Amino acid sequence: MKISYNFAFFDEGSKREIRRAALKAVAIPGYQVPFASREMPIARGWGTGGLQLTLSLIGKDDVIKVIDQGSDESVNAVNIKKLIKKTTGVEQTEKTSKASIIQSRHRIPEVPLNEEQILVLQVPIPEPLRLVEPSEYKTKRLHAENDYSGAWLMLFEQIMKYGSMSTGADHPVLVYGRYVMAPSPIPRFDNPKLTCSKALILLGAGREKKIYAVPPYTEVVSLAFDDYPFRVESFENKKCRICGATEVFMDEIIDEKTGMASYQCNDTSYCLKKLNNSADNQGGDISERI
Amino acid sequence: MGYVAIKGGNIAINESINRLKFERLKGEEIIEINRIKAGMRGMIDQVMSEGSLYSEDLAAIAIKQAEGSLEEAVFLIRAYRSTLPRKHYTRIIDSCEMFTERRISASFKDIPGGQILGASYDYTHRLIDFDLLDETKEDCLEWLESFKSKNSIQWSDTNLRQLPKVSDYLRKEGLIKSCGNNDKEPIDITKKNMEFPTERSERLQILTRGQTGAVTSLGYAALRAYGALHPTVGELRIGSLPLYMQNPLNTADKDEDNYYIGDIRITEVETFIPKTIDKKQGKKEIDFEIGYGICYGQNETKAIAMSILDQCLETGDINYPTHDEEFVLLHIDSVESTGFISHLKLPHYVTFQSKLDSFRKTHKGERYDEDKL
Amino acid sequence: MKGFEKPVLEIKNLNKQFGKGCSDCCDINEKKLEKNYCPECGTVYACQDISFELYGGEILGVVGESGSGKSTMMKCLYFDQEVTKGEGYLSSYKDGLMNIFNESSQQKRYIRNHVLGKVYQNPMLGLKMNFSSIGNIAQKLIAAGYRSVRDMESRGIDLLNHVNIPVFRMKEPPKNFSGGMQQRVQIAKALSNNPPVLLLDEVTTGLDLSVQANVLDLIKKIQRELGISMIVVSHDLAVIRMLANRTIVMLDGRIIEKGLTDQILEDPQHPYTQQLVHSLLV
């Protein structure tokens with residue numbers, strides 16, 4: 001019983017079903033569309049929602065980029081890329097501007113996206129109200145009845161407890177003035193990139209079986225109070241130790257010997273691009289510096 | 001340090017996969033698929049049941065590939081299942097048509113058609129049989145020969161293909177309420193995401209695909225304390241069920257046009273659960289409700305536990321988690337639970353960096369100094 | 001005097017049944033069931049043709065034994081359960097022109113958040129036990145449109161002062177509090193959006209006598225100071241006597257008697273009410 005897999009793993013019927021859910025998601029910005037999530041060759045919670053979107057959308061001419069936590073080379077990104085390569089054979093890239101589909105976990109690339117691109121975000125917990133209300137039956141009704149006091153309450157409690165909003169990643173956003181949405185665990189730093197994005201942003205939660213979307217040029221506002229405005233992570237006075245970039249999301253690197261902290265771009269492809277540009281100008285050798 | 005944290009993922013993964021293959025092969029022995037099929041019946045049954053795909057061959061390959069890790073084998077089967085177009089549904093089967101190998105009732109000694117003990121671990125002593133250490137193929141064939149000669153005599157004239165159901169007998173006696181057929185088309189949970197409140201067809205599908213351990217544990221919890229149930233196994237049967245498919249070219253709904261596409265071996269359980277019903281003026285009556293459990297292969301504990309949970313979810317008493325459909329149905333799937341737990345192994349550097357930022361903001365510069373601790 | 005005033009809340013023929021009903025019980029008016037329960041199909045007629053008005057600034061008492069339908073009625077009023085049929089008009093919602101029971105679930109949510117407050121017998125239903133007390137109050141304020149933390153905090157502190165919860169404990173979750181304190185937090189939460197109508201369902205049941213008196217005093221004080229209209233449900237006529245201006249008596253899902261509380265206590269008409277009043281005097 002030798003068997004080979006279809007292009008992009010799924011049978012065509014399954015792809016169509018997933019695309020239909022994605023279309024509905026685009027039509028109702030921020031609304032979580034339930035879909036019959038398939039079991040994938042990678043584990044639930046490892047990006048199966050994003051992968052299903054990618055595989056249902058991908059055509060032979062697409063160019064794919066996969067990042068995990070900002071890095072093209074992270075183990076999980078590599079793993080997903082391998083699977084896409086194995087089942088489709090499409091071209092892969094690390095250059096953000098070259099990709100037509102970008103699947104990402106926990107980051108939106110630093111390079112602004114364009115109208116020809118689709119950003120697919122992997123989502124572990126799509127329900128922004130889950131922490132206040134464990135029951136799916138009830139959260140569905142809260143969305144329908146436009147009662148998001150629970151989401152605000154989470155932020156209020158943080159302020160009461162810690163004196164400021166302390167959501168790390170996944171800070172809830174209001175999409176097109178109607179649905180409150182979990183933007184997936186992107187850092188707060190990336191939240192502003194969601195609003196009026198030129199690229200279509202699709203979010204897929206495989207285990208929780210939901211697809212939702214931020215269509216291009218849609219207003220997305222991070223929840224905040226009048227007297228406690230939304231603030232992104234601060235990298236003030238910090239610059240990338242490799243490429244010198246400022247105002248990007250940075251990883252903190254601790255020197256084992258000295259114990260001193262230094263910073264470098266989290267988005268590796270952006271860092272490399274910046275480095276190449278400056279190397280072209282100055283004629284230096286990049287690899288030495290890395 | 002530098003880029004070490006993020007570069008080189010590709011090489012690392014390839015090496016890890018090689019290492020995994022080495023682990024599988026380092027004993028310098030190959031286990032053939034037919035040996036797995038012949039000797040690992042319990043595993044095959046469990047993988048088919050949790051994998052929700054009836055194929056002994058695929059289950060055997062999966063077990064081989066997964067080195068016997070059940071969660072991994074189930075995962076392989078499920079992922080493969082995702083690539084199969086679903087073009088047809090089988091016709092409704094009356095499980096009375098089962099070719100029965102084993103059939104017991106804990107409720108009545110003399111059930112019509114009689115009890116058939118069949119193959120069961122129930123009455124074995126769980127002593128390790130050290131003779132198995134050097135069992136040979138000759139021993140095996142010799143034993144089979146003598147077993148077959150002894151069993152060639154037909155002991156009874158029972159028709160094993162038409163055994164009546166114990167519950168039907170009770171209905172005839174008026175001991176349980178007869179219920180009409182529910183001919184509503186079942187919802188296919190692999191085509192449509194569940195919505196709460198669920199229908200029974202959805203619940204039964206989730207339960208029968210559930211991880212054996214999880215279903216058993218929750219069923220046990222309902223039995224022990226969190227469900228106030230006292231079920232009796234009305235009937236447990238194991239045997240093969242013939243499957244038929246409607247002739248796709250002939251839409252006239254005639255049974256003789258159906259195609260026979262093969263048999264599946266299943267475990268089916270009906271448990272009787274007494275319920276007190278309030279009647280007029282404080283009078284109470286006892287009625288029996290029936291819990292239903294079914295799964296691929298021989299997996300009796302799971303099927304019984306499923307029948308308990310089926311009844312729990314029908315009742316939906318808010319006081320018990322085992323009656324809460326979201327609690328039960330959303331947490332018993334092997335692929336989902338193992339997947340989400342294992343995703344904790346993925347790097348969470350960005351989220352952690354954000355957390356760190358919040359931590360610093362909330363602590364406003366104070367530090368946990370090691371000297372102070 | 002009352003006759004000329006427009007009621008704050010008017011309920012007409014509220015019905016709530018559990019179960020589909022059968023040929024035996026559907027026409028309940030003609031075939032009087034012994035109780036509100038059909039022995040054939042198990043349908044329960046929890047509320048039958050309940051009608052009443054609630055006027056500005058008054059406390060309306062609802063008394064009856066457990067199972068008489070009073071709590072079900074309260075659940076229907078707060079949309080915790082859907083009515084089978086009936087009409088309800090709130091003067092502060094669309095000028096009392098729209099039947100609130102016919103509104104969409106979104107509008108019902110709006111009414112809950114803006115026009116009504118409810119205090120449950122079980123504080124677990126009214127409060128998030130693991131969130132801070134001030135957070136519990138804030139949730140209702142957020143739902144009513146507040147977006148300033150400072151405003152919510154000061155409003156919350158006012159309310160907690162009002163219900164005698166020490167402000168230094170405002171960040172503690174209600175699960176740390178005693179039953180009486182939890183009830184007071186619930187009252188503060190229910191009052192937070194200045195609702196014209198407050199629903200109190202058996203709020204003193206299960207509390208110690210001294211704590212009961214404390215909570216009852218608080219309710220009276222609030223009514224006096226804020227002039228909020230309230231419906232107070234209790235199986236205990238003593239509670240009703242202390243609080244209510246007018247009272248309705250319920251039995252088996254129906255109103256069997258209504259009038260001024262004093263009148264009902266002095267001259268009960270229905271045998272059940274007589275029995276109830278008698279037991280209070282003994």
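Some notes on this structure:
- Within the stretch B:39-68, the residues that satisfy the criterion of being assigned to a helix (DSSP H, G or I), modelled with pLDDT of 95 or more, more than 23 Å from B:Ile294 (Cβ to Cβ) and of a type outside the set (Lys, Arg) are B:Ile61, B:Gln65.
- Check on A:Pro126, in contact (Cβ under 8 Å) with a residue 40 or more places away in the chain, within 13 Å of chain B (Cβ to nearest Cβ) and either assigned to a loop (DSSP other than H, G, I, E, B) or within 27 Å of A:Arg20 (Cβ to Cβ) (or both): yes
Every residue, every condition in (1) touching a Phe, Trp or Tyr at 6+ places or on another chain (Cβ under 9 Å); (2) β-branched (Val, Ile, Thr), yes or no:
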| position | (1), (2) |
| --- | --- |
| A:Glu110 | yes, no |
| A:Asn114 | no, no |
| A:Gln122 | yes, no |
| A:Leu131 | no, no |
| A:Glu145 | yes, no |
| A:Ser164 | yes, no |
| A:Val175 | yes, yes |
| A:Ala199 | no, no |
| A:Lys210 | yes, no |
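- Of residues in the stretch A:93-111 being farther than 20 Å from A:Lys274 by Cα and within 13 Å of chain B (Cβ to nearest Cβ), the one surrounded by the most Cβ atoms within 10 Å (Cβ to Cβ): A:Arg105
- Any hit, the stretch C:177-187, residues being over 30 Å from C:Glu53 (Cβ atoms), outside any loop (DSSP other than H, G, I, E, B), in contact with a Pro (Cβ under 7 Å, 6 or more places away or on another chain) and touching a residue at least 12 places away in the same chain (Cβ under 8 Å): yes
- Highlighted here are the helices (runs of 4 or more DSSP H) found entirely within the stretch B:164-253 that include at least 3 residues which are in the same structural domain as B:Asn299 (by TED's automatic domain parsing) and among the aliphatic types (A, V, I, L, M): B:200-209, B:212-224.
- Of the numbered criteria (1) farther than 17 Å from A:Tyr148 by Cα; (2) basic (Lys, Arg); (3) over 16 Å from the mean Cα position of the chain (by Cα), the one C:Lys118 fails is (3).
- Subset of the stretch B:340-355 [part of a helix (DSSP H, G or I), free of Cβ contacts under 8 Å to residues at least 40 places away in the same chain and either charged (D, E, K, R) or facing another protein chain (nearest Cβ under 7 Å) (or both)]: B:Phe340, B:Ser342, B:His343, B:Lys345, B:Val350, B:Thr351, B:Gln353, B:Ser354, B:Lys355
- Boolean, B:Leu132 is hydrophobic (A, V, I, L, M, F, W, C), at negative phi and surrounded by 10 or more Cβ atoms within 10 Å (Cβ to Cβ): no
- Residue that is nearest to the other protein chains (Cβ to nearest Cβ), among those in the stretch A:244-290 that are modelled with pLDDT of 85 or more and touching a helix residue (DSSP H, G or I) at 6+ places or on another chain (Cβ under 6 Å): A:Phe249
- Output for the stretch C:136-151, where each listed residue is facing chain A (nearest Cβ under 7 Å) and within 23 Å of the chain's Cα centre (by Cα): C:Ala138, C:Gln139, C:Ile142, C:Ala143
- Verdict on C:Val203 being in contact (Cβ under 8 Å) with a residue 24 or more places away in the chain, in a loop (DSSP other than H, G, I, E, B) and in the same structural domain as C:Val8 (by TED's automatic domain parsing): yes
- Here is the figure for the stretch C:111-127: residues that are within 12 Å of chain A (Cβ to nearest Cβ), under 18 Å from A:Leu153 (Cβ atoms) and without any contact (Cβ under 8 Å) to a residue 40 or more places away in the chain total 1.
- A single entry from C:His270, C:His235 fulfils the requirement of being surrounded by fewer than 16 Cβ atoms within 10 Å (Cβ to Cβ) and farther than 23 Å from C:Arg112 by Cα: C:His270.
- The residue pairs whose first member lies in the stretch A:33-47 and is closer than 19 Å to B:Ala66 by Cβ and within 7 Å of chain B (Cβ to nearest Cβ), whose second member is aliphatic (A, V, I, L, M) and surrounded by 24 or more Cβ atoms within 10 Å (Cβ to Cβ), and whose beta carbons are closer than 7 Å, counting only pairs six or more residues apart or on different chains, are A:Glu39/B:Val335; A:Met40/A:Leu51; A:Arg44/B:Val335.
- The residues of the stretch A:136-172 that are at the interface with chain B (Cβ under 10 Å from one of its Cβ atoms) and either among the basic types (Lys, Arg) or touching a His at 6+ places or on another chain (Cβ under 7 Å) (or both), listed by number, are A:Lys138, A:Lys140, A:Lys161, A:Ala169.
- B:Ile63 being among the hydrophobic types (A, V, I, L, M, F, W, C) and touching a residue at least 24 places away in the same chain (Cβ under 8 Å): yes
- Residue check for A:Gly70: in contact (Cβ under 8 Å) with a residue 12 or more places away in the chain, within 11 Å of chain B (Cβ to nearest Cβ) and either within 24 Å of B:His331 (Cβ to Cβ) or of a type in the set (Asp, Glu) (or both): no
The values are calculated or read from the model by the stated rules, or taken from the named source; none is laboratory data. Just so we're clear, the structure is a prediction, and the values are computed from it rather than from any experiment. In this analysis, Cβ positions are derived from the backbone assuming ideal geometry, glycine residues included, and neighbour counts consider all displayed protein chains.
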